[in-house]
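Below you'll find the structure, written out as structure tokens, and then a few comments.
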Amino acid sequence: SEMTPEQYWLLKRLHRVGPMSVGALADALDLTSASVTVACQRLEKAGLLRRSRQPSAEDERVVIVSLTDRGLEQLERWQVHVNRMEQRLTTSAGPTAATVEARLDAIKGARMCGVCHAGHFGPTTPAM
């Protein structure tokens with residue numbers, strides 16, 4: 001299946017910040033913990049992230065998620081795809097400068113809040 005915006009931003013956040021709890025990740029992405037938990041389970045099944053419990057923590061229910069090497073490689077491939085989309089928008093002869101600027105603003109906004117109007121990002125990946 002294709003990468004969802006939620007999964008893309010989840011992996012991107014882990015890459016940027018490092019391992020974090022599901023709750024902290026949900027807060028950072030403005031998503032519910034349940035939604036992040038389901039996404040993390042799918043990404044773990046695909047080998048893109050690792051989930052672990054911290055037995056020494058005060059609350060053993062806390063799950064820490066971290067990016068795997070495979071997850072980093074996949075994220076880098078998706079980032080190349082996003083960069084190509086941006087490049088196509090800026091080099092297209094058809095739209096006016098204002099249209100290109102509006103499209104770039106939309107992409108940048110999607111990067112900031114994790115929303116993609118197309119409903120997906122990037123090339124396909126193993127089923128999640």
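Per residue, what accessible area does the range 1-88 have, given a 1.4 Å probe and all protein chains present, in Å²? Could the numbers behind the result be given before it?
Working: 5030 Å² over 88 residues.
Per residue, the range 1-88 has 57 Å² of solvent-accessible surface.
Using r as the Cβ-Cβ distance of His15 and Val80, and R0 as 22 Å, what FRET efficiency do you calculate, to the nearest 0.05?
0.95
At 1.4 Å probe size, put His15, His81 in order of accessible surface, largest to smallest.
Largest accessible area first, the list is His15, His81.
At 0.36 nm per residue, and after removing the present C-alpha to C-alpha distance, how many nm does the segment from Leu72 to Asp59 gain when stretched out fully?
Stretched fully, the Leu72-Asp59 segment lengthens by 1.8 nm.
The values are calculated or read from the model by the stated rules, or taken from the named source; none is laboratory data. Owing to the predicted nature of the structure, the values given are computational and were not obtained by experimental measurement. For neighbour counting, all protein chains shown are included, and Cβ atoms are generated from backbone atoms with ideal geometry for every residue, glycine included. Ligands, DNA and RNA are excluded from the accessible area calculation, which covers all protein heavy atoms including side chains. Shrake-Rupley method; radii C 1.70, N 1.55, O 1.52, S 1.80 Å.
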